[in-house]
1. Going through the stretch B:210-251 one residue at a time, which ones are surrounded by fewer than 17 Cβ atoms within 10 Å (Cβ to Cβ), more than 30 Å from B:Phe189 (Cα to Cα) and among the polar types (S, T, N, Q)?
2. Please go through (1) more than 10 Å from chain B (Cβ to nearest Cβ); (2) modelled with pLDDT under 90; (3) part of a helix (DSSP H, G or I) for A:Trp33 and return the number of the only condition it doesn't satisfy.
3. State whether the residues of the stretch B:493-514 include one that is within 21 Å of B:Ala306 (Cβ to Cβ), at pLDDT 90 or above and within 14 Å of another protein chain (Cβ to nearest Cβ).
4. Test of understanding: among B:Ala361, B:Ala306, which residue is within 30 Å of B:Asn443 (Cβ to Cβ) and buried (at least 22 other Cβ atoms within 10 Å of the Cβ)?
5. Name the residues in the stretch B:45-104 that are touching a helix residue (DSSP H, G or I) at 6+ places or on another chain (Cβ under 9 Å), assigned to a loop (DSSP other than H, G, I, E, B), of a type outside the set (A, V, I, L, M, F, W, C) and within 14 Å of chain A (Cβ to nearest Cβ), would you?
6. Specify the residue that is modelled with the highest pLDDT; the eligible residues are those in the stretch A:59-75 that are within 8 Å of chain B (Cβ to nearest Cβ) and assigned to a loop (DSSP other than H, G, I, E, B).
7. Out of curiosity, is B:Asn275 buried (at least 23 other Cβ atoms within 10 Å of the Cβ), of a type outside the set (A, V, I, L, M) and either in contact (Cβ under 8 Å) with a residue 12 or more places away in the chain or not in a helix (DSSP H, G or I) (or both)?
8. For the stretch B:178-208, name all the residues that are among the basic types (Lys, Arg) and farther than 11 Å from B:Arg58 by Cβ.
Amino acid sequence: MKAGAALLWAVVLISALAQVGVVHGHRTLLQEWQQEDALRVQLLQEHTRLLLEKSTLTAHGRVDQQARKQLNMTEPGKVQVLSQ
Amino acid sequence: MNAQPNQQTTLSGITRWRFTLVLAVFGCLLGAVLVRLVMLHTVDQPFLFEQGEKRTVREEVQPAMRGMITDRYGKPLAVSTPVVTLWLNPQQVNVQQLPAVAADLGLSRKELTRKVERAATQGRSFLYLKRQVQPELAQQVLKRRIAGIYGDDDFRRFYPAAEITAHTVGIVDIDGKGQEGLELAFDDFLQGSEGSRQVVKDLYGNVIKQLKVNAVPQPGGDLALTLDLRLQYLAYRELKAAVSQHHAKSGSAVLVDARSGDVLALVNQPSYNPNNRASLRAENMRNRAIADLIEPGSTIKPFTVAAALSSGRYFPSSEINTAPGFVRVKNKTIRDHRNYGVLDITGVITKSSNVGVTFLAHQLGAENIWDFFSKAGIGQATVLGFPGEAVGSLPYPEQMDALRLATVSYGYGLSVSPLQLAHAYTSFTQGGCRNPVRLLMNNQPQTKCQRVMPEKVARQVLDMLETVTSKQGTGSRARVAGYRVGGKTGTAHKVGQQGYEDSEYTAVFSGIAPISSPDLVLVVVIDSPQGKEYYGGEVAAPVFSRIMQQALRLRQVAPDDGSLPTLQMAGGPA
């Protein structure tokens with residue numbers, strides 16, 4: 001009878017402590033996940049920013065202008081067409 | 001000791017009953033507290049629990065990232081990027097702290113204070129501070145840790161190609177819902193599904209505890225279009241230049257892959273910048289190439305001729321007498337530009353003879369013409385799933401009397417969208433067997449094509465179309481150096497309030513290049529050109545030439561015009 005009660009007490013104590021531990025673990029994990037998620041959002045933002053930047057820099061109109069003005073390129077005239 | 005026998009006293013001389021009374025009172029108090037405690041834990045528990053939850057537990061919606069729209073090579077046309085929407089609770093916020101926030105966000109200090117105070121007196125507990133703020137700026141505001149100011153994750157849509165693809169891609173509203181174009185048509189697909197979870201939050205809106213996840217956010221699907229952004233750019237540039245040069249009301253150009261039916265470029269003027277919502281005007285937002293119907297005018301003649309050739313009764317060399325240059329049908333006179341005399345079938349196309357095609361149509365009959373035209377896709381929906389897509393119209397054979405039949409044969413009394421016209425022209429380039437048009441890469445190309453005419457006839461019509469761009473033809477200005485191109489000009493009177501207007505035109509050019517092995521079909525429509533030039537051959541053909549020239553080069557199509565002097569590549573692979 002006495003041994004049973006002691007055992008029950010022990011079980012109650014252990015589970016109480018375990019609960020505290022689990023709650024702590026949950027919060028730590030949640031915080032970790034939130035940090036990772038924030039990082040994900042940040043990277044996503046960086047990614048789209050770079051994507052937009054790239055598409056602005058490679059826009060056909062810009063490439064066309066740079067080729068003409070900076071690189072002095074011209075369209076092939078009649079006699080300049082190459083054939084194999 | 002003067003003790004009384006019926007009254008017990010304690011050692012200190014206080015009567016026992018008083019002691020008992022005090023004890024009992026304390027006992028009662030303790031009992032009351034106990035009863036209250038039990039009440040709180042049992043009877044009142046659900047109510048209190050709910051109230052507690054209401055104050056700390058939040059149902060949080062996590063927005064899903066909207067899918068990207070790209071061109072056929074994956075270049076972005078519409079991209080969502082994470083931003084933060086800042087809002088405040090006027091009940092919790094301290095008005096003294098607002099000026100600093102207003103300065104951060106570039107808002108008017110007075111205005112903000114006034115708005116918040118008014119909302120607070122109205123008892124509201126939600127007010128947008130600023131929507132769709134750059135994340136860095138939002139962090140700066142949130143770092144002040146002002147009670148009652150919160151930030152929610154949100155997405156903002158950007159359109160890198162702006163007005164160049166605006167009509168096709170469309171636009172979303174500030175809540176990320178599709179409003180126009182493909183953004184509207186494929187809203188469900190692009191949207192994804194929002195996530196939702198239950199969390200415990202503190203006063204600053206930080207998540208302390210996650211209670212339950214109801215749904216994980218699923219990002220939306222990506223949509224790849226068949227458009228080629230480079231071709232789209234140059235088509236837009238040339239169209240815009242022509243529309244402003246001729247002071248036209250509007251214009252459209254549709255470039256279609258002659259082999260597969262993929263739409264490579266689809267541009268309209270006027271256009272709009274979807275990144276700047278303040279400048280939107282509804283009339284600029286219509287995708288004219290898909291949603292507007294035009295009377296195609298002479299660009300329909302190749303189909304009348306193809307119908308005649310398919311019947312087996314005519315050959316390209318068959319001769320028709322178009323003298324004296326006009327013909328009376330019922331009580332209307334159908335005229336040619338001038339008297340062309342005897343023309344062969346090729347000449348009917350080269351000179352764009354109304355009398356010639358009227359003769360052919362009357363010989364074939366309404367039934368045959370209707371049958372052929374509808375197989376070619378004229379007046380048939382293109383079924384792209386685009387909002388506001390026009391179906392067009394083609395009168396049924398029983399609706400066509402001799403006059404209607406004659407007008408249909410040269411492109412009046414029926415209507416098509418520029419895209420339909422381009423699609424119909426692919427009948428000639430795909431060996432007489434037409435594939436459906438395709439705007440989305442996600443749709444698998446269909447292998448079954450619709451037979452419109454025998455392969456031989458398609459070839460014959462292509463050769464006829466080439467004569468239109470010869471020196472004697474009406475479309476000589478559509479020529480492209482180095483390539484054999486073919487096409488057909490069209491100039492249609494516009495319909496006004498009292499029938500056809502005398503001085504309002506639609507100039508059309510519909511063409512194919514290169515003729516030896518067709519790669520591209522291009523339709524250019526210029527609506528209401530002002531000034532001396534208004535013929536399709538004068539207004540639309542030069543645009544066709546410029547777009548086609550650059551498009552062929554970009555697609556690295558080998559020049560097929562043998563008359564052009566070329567250099568032999570020295571030392572290269574033979």
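The values are calculated or read from the model by the stated rules, or taken from the named source; none is laboratory data. Please read all numbers here as calculations on a predicted model, not as lab measurements. Cβ: placed from backbone, ideal geometry, glycine included. Neighbour counts: every protein chain shown.
1. Scanning the stretch B:210-251 gives B:Ser244, B:Gln245.
2. Among (1) more than 10 Å from chain B (Cβ to nearest Cβ); (2) modelled with pLDDT under 90; (3) part of a helix (DSSP H, G or I), A:Trp33 violates only (1).
3. There is at least one residue in the stretch B:493-514 that is within 21 Å of B:Ala306 (Cβ to Cβ), at pLDDT 90 or above and within 14 Å of another protein chain (Cβ to nearest Cβ).
4. Answer to the check: B:Ala306.
5. B:Arg66, B:Gly67, B:Asp71, B:Tyr73, B:Lys75 - these are the residues of the stretch B:45-104 that are touching a helix residue (DSSP H, G or I) at 6+ places or on another chain (Cβ under 9 Å), assigned to a loop (DSSP other than H, G, I, E, B), of a type outside the set (A, V, I, L, M, F, W, C) and within 14 Å of chain A (Cβ to nearest Cβ).
6. Result: A:Ala59.
7. No.
8. Across the stretch B:178-208, there are no qualifying residues.
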